[in-house]
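**Q** Quick one: structure below, then a few questions.
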Amino acid sequence: MYESASIYRVSGYIFLPATAVRIDLCERWLMIFGDRFEPTAAAVPTEWIEQSCHGDQWTVGALVPNHFASVLRVYPPAPSRDWWSAYRDLHEVLASVGERHTSTPDRAFFGIWEGHGFDTASSHVAWRDPPAGDAERRARDLERTRVRNDGERRNAAIRTALAQIPTFDRPHRTYYLVEGPAMAVTDLRHPGGEDWRNPDLFWPDDRQWFVATDVDFWSLYIGGTSDFIAELAQSVSTRSAQVDFALQLEIEN
């Protein structure tokens, strides 16, 4: 379902980069998740999430705080070539409706699971034809080494940048925590590139609603007021259904 990486053809060989766009992370570590985001203050409380999640493991109630009046499961888009864009559009609709149901649309928090492997991406180089001789073979070996070293430096820069981002823990998960306007959810960026990535958790500062997903599924589980949930169900383009906190989460990968 992810968008495929771009392919670059240079001087008879092909680059398959881990990300199509490189940025100077040493200068922009504060913006590693996008220009509209910044690391949140360490004093921002997140304990309320854990304190309100009373469900059994691998249920909606273990993922979404239980004090919300209603929970809506929003299913992901149907498989297509534009799936990733459609998934992003789904988040845009969610944030647009959510803005009308919060007093703090300009301040929201975004949790991004640290296990996505942001600092472990690899780059590869390959040639269509075998080397013409020893000189070309040596040149190719040098190029492979250069690409590998570039990748290691990129990953080290990303690792350094991510170390500056506050984190918080949930059972079996640790999340980076950044903040920005609710509508900035469509501008969340994959560290080290310009590709969009979805947050795993997402809520406004006044905690009027809460959005959660996980690496093991694409559905969004959203807690909020009855009015918010009703409007959201009418606004999303994909299938949705109100669910109970006791519902078992469904693996969708």
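The values are calculated or read from the model by the stated rules, or taken from the named source; none is laboratory data. Every value quoted in this text rests on a predicted model; they were computed, and no experiment measured them. Cβ atoms come from the backbone with ideal geometry, glycine included; neighbour counts cover every protein chain shown.
**Q** Could you go through segment 86-99 and let me know if any residue there is under 26 Å from Asp169 (Cβ atoms), within 17 Å of the chain's Cα centre (by Cα) and assigned to a loop (DSSP other than H, G, I, E, B).
**A** Looking through segment 86-99, none of the residues is under 26 Å from Asp169 (Cβ atoms), within 17 Å of the chain's Cα centre (by Cα) and assigned to a loop (DSSP other than H, G, I, E, B).
**Q** While we're on this one: Among the residues of segment 221-253 satisfying the criterion of being in a strand (DSSP E or B) and among the aliphatic types (A, V, I, L, M), which is farthest from the chain's Cα centre (by Cα)?
**A** Initially, segment 221-253 is screened for residues in a strand (DSSP E or B), giving 221-224, 240-242, 248.
Then drop every residue that is not among the aliphatic types (A, V, I, L, M), which leaves 222, 241.
On the way: Ile222: 16, Ala241: 23 Å.
Restricting to residues being in a strand (DSSP E or B) and among the aliphatic types (A, V, I, L, M), the top hit is Ala241.
**Q** With the condition being under 15 Å from the mean Cα position of the chain (by Cα), I'd like the strands (runs of 3 or more DSSP E) fully within segment 143-216 carrying at least 3 qualifying residues. Before the answer, list the steps.
**A** Numbers: elements: 167-170, 173-180, 201-204, 210-214.
In segment 143-216, the matching strands (runs of 3 or more DSSP E) lie at 173-180, 201-204, 210-214.
**Q** Kindly indicate whether any position in segment 164-184 is touching a Gly at 6+ places or on another chain (Cβ under 7 Å), within 25 Å of Ala78 (Cβ to Cβ) and crowded, with 18+ Cβ neighbours inside 10 Å.
**A** Taking every residue of segment 164-184 in turn, none turns out to be touching a Gly at 6+ places or on another chain (Cβ under 7 Å), within 25 Å of Ala78 (Cβ to Cβ) and crowded, with 18+ Cβ neighbours inside 10 Å.
**Q** What number goes with the only condition from (1) at pLDDT 95 or above; (2) more than 28 Å from Gly98 (Cβ to Cβ) that Pro131 does not pass?
**A** Of (1) at pLDDT 95 or above; (2) more than 28 Å from Gly98 (Cβ to Cβ), only one is false for Pro131: (1).
**Q** I've got another one for you. Looking at the structure I just gave you, is Ala69 among the aliphatic types (A, V, I, L, M), closer than 29 Å to Val236 by Cβ and either modelled with pLDDT under 95 or in contact with a helix residue (DSSP H, G or I) (Cβ under 7 Å, 6 or more places away or on another chain) (or both)? If you could, list the steps in order and put the result at the bottom.
**A** Numbers: among the aliphatic types (A, V, I, L, M): yes; closer than 29 Å to Val236 by Cβ: yes; either modelled with pLDDT under 95 or in contact with a helix residue (DSSP H, G or I) (Cβ under 7 Å, 6 or more places away or on another chain) (or both): yes.
When the stated conditions are applied, Ala69 passes them.
**Q** Still on this structure, please answer the following. Among the residues that make up segment 50-59, is at least one of them at pLDDT 95 or above, within 20 Å of the chain's Cα centre (by Cα) and not in a loop (DSSP other than H, G, I, E, B)?
**A** Looking through segment 50-59, none of the residues is at pLDDT 95 or above, within 20 Å of the chain's Cα centre (by Cα) and not in a loop (DSSP other than H, G, I, E, B).
**Q** A further question follows. Among residues belonging to segment 118-142 that are of a type outside the set (D, E, K, R) and assigned to a helix (DSSP H, G or I), point out the one that is surrounded by the most Cβ atoms within 10 Å (Cβ to Cβ).
**A** Once the filter is applied, the top-ranked residue is Ala139.
**Q** Here's something else I'd like to know. Take the conditions at pLDDT 95 or above and not basic (Lys, Arg) and apply them to Cys26. Does it pass? Give the derivation first.
**A** On the way: at pLDDT 95 or above: no; not basic (Lys, Arg): yes.
In short, no.
**Q** May I pose another question? Within segment 96-117, is there a residue that is within 30 Å of Ala212 (Cβ to Cβ), among the polar types (S, T, N, Q) and exposed (fewer than 14 other Cβ atoms within 10 Å of the Cβ)?
**A** Just the residues of segment 96-117 that are within 30 Å of Ala212 (Cβ to Cβ), to begin with: 96-117.
Pick out the ones that are also among the polar types (S, T, N, Q) and you get 96, 102-104.
Imposing the further condition that a residue be exposed (fewer than 14 other Cβ atoms within 10 Å of the Cβ) reduces the set to 103.
Yes: one or more hits.
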